[in-house]
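One structure below.
The values are calculated or read from the model by the stated rules, or taken from the named source; none is laboratory data. These figures come from a predicted structure and were not determined experimentally. Don't worry about glycine lacking a Cβ; one is built from the backbone with ideal geometry, like all the others, and counts go over all protein chains shown. What goes into the accessible areas is simple: the full protein's heavy atoms, side chains included, and nothing from ligands, DNA or RNA. Shrake-Rupley method; radii C 1.70, N 1.55, O 1.52, S 1.80 Å.
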Amino acid sequence: ILPNLHIISIESLMGDDKDAALIWRGPVKIGVIRQFISDIKWPDLDYLIIDSPPGTGDEPLSVIQYIEKPDGAVIVTTPQDVALADVRKSVTFCAQLSLPVIGVIENMSGFACPHCGTVTEIFKSGGGESMADDMGVPFLGSIPIEAQVVHSGDSGSPHLSSSAEASSPAQKSFAEIVNSIIQGVER
């Protein structure tokens with residue numbers, strides 16, 4: 001992928017059967033999370049980013065318990081009210097655990113036409129920003145749906161490093177959001 005990017009995932013440990021389901025209860029999930037955080041011999045890292053399922057369950061709670069002094073959480077939502085209801089609980093969860101919220105990102109915020117670049121609101125937009133404002137946490141930006149993001153993900157290459165046009169709406173959003181996150185963590 002990238003020479004300075006190190007990744008661990010359950011998917012990489014699944015073997016050849018990509019259709020195999022993991023049916024694990026809390027204690028097993030918690031044990032794997034502990035191993036990923038505590039037992040992996042990570043090289044010197046600038047950042048450790050952990051992608052956790054949405055919500056307030058075992059996974060995010062275990063991550064917070066096993067990481068010494070985390071810098072904070074970046075919370076991703078989509079603009080629909082049903083998603084925002086869950087995300088509001090995630091913000092409250094962070095507050096109750098004294099975990100700073102670095103910010104909120106609104107994903108799927110419109111569709112970027114691959115031909116003209118015009119962004120059309122198919123799910124609506126602005127819900128993430130409004131919720132962040134209501135809850136007093138930073139809003140980091142919005143990312144539109146863009147076909148090239150899907151192609152980059154399927155090929156295993158990060159979208160920002162792909163050969164896609166650097167001025168695409170999603171690439172601009174990603175770059176701005178990453179810079180905002182870095183600035184937020186370094187404060």
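Once the chain from T118 to I49 is taken as fully extended at 0.36 nm per residue, the excess over their C-alpha distance is 21.7 nm.
Residues in segment 26-35 carry Karplus couplings, in order, of x, x, 5, 4, 4, x, 5, 4, 4, 4 Hz; the curve used is 6.51 cos²θ - 1.76 cosθ + 1.60 with θ = phi - 60°, and Gly or Pro positions show x. Per residue, segment 73-185 exposes an accessible area of 52 Å² to a 1.4 Å probe, with every protein chain left in place.
Applying a DSSP loop filter and a limit of 15 other Cβ atoms within 10 Å to the GluC sites (Glu not before Pro) in segment 71-141 leaves E121. Averaged over residues, the count of other Cβ atoms within 10 Å places the peptides 56-67, 40-51 in the sequence 56-67, 40-51, highest first. I75 exposes around 20 Å² of accessible area when a 1.4 Å probe is run over every protein chain in place.
Taking Cβ atoms as reference points and 14 Å as the exclusive limit, the residues near T92 contribute a net charge of 0, counting Lys and Arg as +1 and Asp and Glu as -1. Here's the picture: charge each Lys and Arg Cβ at +1 and each Asp and Glu Cβ at -1 in the chain, and of A132, T120, I7 the one pushed furthest to the positive end of that dipole is A132. Of the residues D154, D86, the one with the largest accessible area comes first in the ranking D154, D86, computed with a 1.4 Å probe on protein heavy atoms. Fully extending the segment from S98 to I40, taken as 0.36 nm per residue of separation minus the present Cα-Cα distance, adds 18.3 nm. Note on segment 60-187: with neighbouring protein chains present and a 1.4 Å probe, carbon and sulfur make up 53 percent of its accessible heavy-atom surface. Considering only S155, S12, S130, the Gaussian network model of the chain with Cα springs below 10 Å gives its largest mean-square fluctuation to S12.
Do the sum for the chain: with -39,500 (n - 2.57) for every DSSP H run of n ≥ 4, divided by all residues, what is the mean residue ellipticity at 222 nm, to the nearest 500 deg cm²/dmol?
That calculation yields -11500 deg cm²/dmol at 222 nm.
Its alpha carbons considered, segment 37-128 gives a radius of gyration followed by a Dmax of 16.1, 48 Å. Its relative contact order, with pairs defined as Cα atoms under 8 Å and 6+ residues apart, puts the chain at 16 percent. Shown in residue order for segment 130-142 are the 3J(HN,Hα) couplings computed by the Karplus curve 6.51 cos²θ - 1.76 cosθ + 1.60 at θ = phi - 60°: 5, 5, 4, 4, 4, 9, x, 10, x, 9, 8, x, 10 Hz (x for Gly and Pro). For the set M131, M108, M14, the ranking by accessible area, highest first and with no ligand, DNA or RNA atoms included, is M108, M14, M131 under a 1.4 Å probe.
Evaluated with a Cβ-only charge set (Lys, Arg +1; Asp, Glu -1), segment 22-144 carries a dipole of roughly 360 debye about its Cα centre, given to the nearest 20.
Heavy-atom accessible surface of V76, to the nearest 10 Å², is about 80 Å², with a 1.4 Å probe and all protein chains retained.
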